[in-house]
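Where a number appears in this text, it was derived from the coordinates with a stated rule and is not lab data. Being a predicted model, the structure only gives us computed values, none of them experimental. Cβ atoms come from the backbone with ideal geometry, glycine included; neighbour counts cover every protein chain shown.
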Amino acid sequence: MDSILKKGLFLVTITGAITAFPDTAYASDTATVNDMPQVGIEEVLNDCYLSDKEIEVEDYLVPTQKGEYLDMAFANVQSFLYIRSEPTTDSEWVGKLYPDYAAKIIGPVGEWTKIQSGEVTGYVYSDYIIIGNNAEQKAQDMVRNSEAADSEEVFTYAESKEEEEARLAKEAKEAEARAQEEAAAKAGTGQAIVDYACQFIGNPYVWGGTSLTNGADCSGFVQSVFAHFGISLPRTTWDMENVGTPVSYDQAIAGDIILYDGHVGIYMGDGQIVNAINSAKGIGILPATYTNIITVRRLI
């Protein structure tokens with residue numbers, strides 16, 4: 001009796017197995033334990049739908065390979081982001097990340113994140129960096145839109161405190177050199193204007209005139225001299241009071257114009273002006289302070 005019962009249970013078990021997997025169960029002379037039927041994601045989902053069970057599909061998917069740039073971070077700021085020596089605002093800053101500058105995450109991401117960027121290692125406030133999938137996408141977009149042959153050349157990294165100090169010192173030195181060059185160029189141009197104007201000393205003063213040879217009044221003389229150098233000036237002294245850039249008399253250089261009440265002349269340097277004086281003296285030289293100065297204007 002016991003043997004008959006055991007045989008019946010065995011047949012039920014075999015029948016159930018074949019019924020459950022009608023398409024994948026095969027007989028084989030060499031069948032082993034490894035020949036068990038395989039269940040795909042479709043069967044899992046169908047079974048869950050039929051049984052009204054909830055399922056997280058991600059649990060049945062094979063994880064994808066880690067993104068190439070998932071360990072990167074990008075500064076999400078308008079000006080710059082300090083890199084601190086410690087995860088606190090009271091600590092010394094050791095570098096700066098400017099907008100979209102890149103870094104590598106080398107520590108856990110919390111309120112502060114430890115990063116390495118260029119020669120700088122330290123902590124940044126996490127609210128001001130782009131990380132994770134967003135960083136991966138940003139990096140891919142930057143690489144795709146760049147013409148650089150090496151992807152590493154696409155990214156710009158932090159500037160250390162020492163590097164910033166060196167850069168600022170270099171920029172200040174270069175700015176000073178440019179200012180000196182510009183001053184020399186202006187002085188050279190100004191002297192050329194003075195030299196040109198002095199060619200007409202002794203020529204007549206003519207009220208309302210603009211001819212450097214046949215006669216000009218004070219504003220006509222200045223207007224014609226500067227026109228020779230491609231600089232357009234208004235006709236009257238009152239309008240000339242607003243041209244160019246105002247400078248003090250102590251700062252005046254050759255080629256500036258000095259305006260008085262109803263008169264104008266070209267500063268020569270050494271406290272003198274060349275100008276159309278009056279009908280008696282014609283075009284000549286006067287002391288720059290012969291009367292009260294209204295304004296000094298720089299045109300070059």
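Distances longer than 26 Å among the Cα atoms of the range 181-298: what percent of all pairs is that? Roughly 9 percent, once rounded to a whole number.
In terms of packing, defined here as the mean over residues of other Cβ atoms within 10 angstrom, the peptides 193-203, 285-295 line up highest first as 193-203, 285-295. Between amide H atoms placed 1.01 Å from N, distances below 5 Å from G95 occur with I83, K161, all of them 5 or more places distant or on a separate chain. Ranked by the mean number of other Cβ atoms within 10 Å per residue, highest first, peptides 215-224, 262-271, 180-189 order as 215-224, 262-271, 180-189. Packing here is the average count of other Cβ atoms within 10 Å per residue, and on that basis the peptides 241-253, 114-126, highest first, run 114-126, 241-253.
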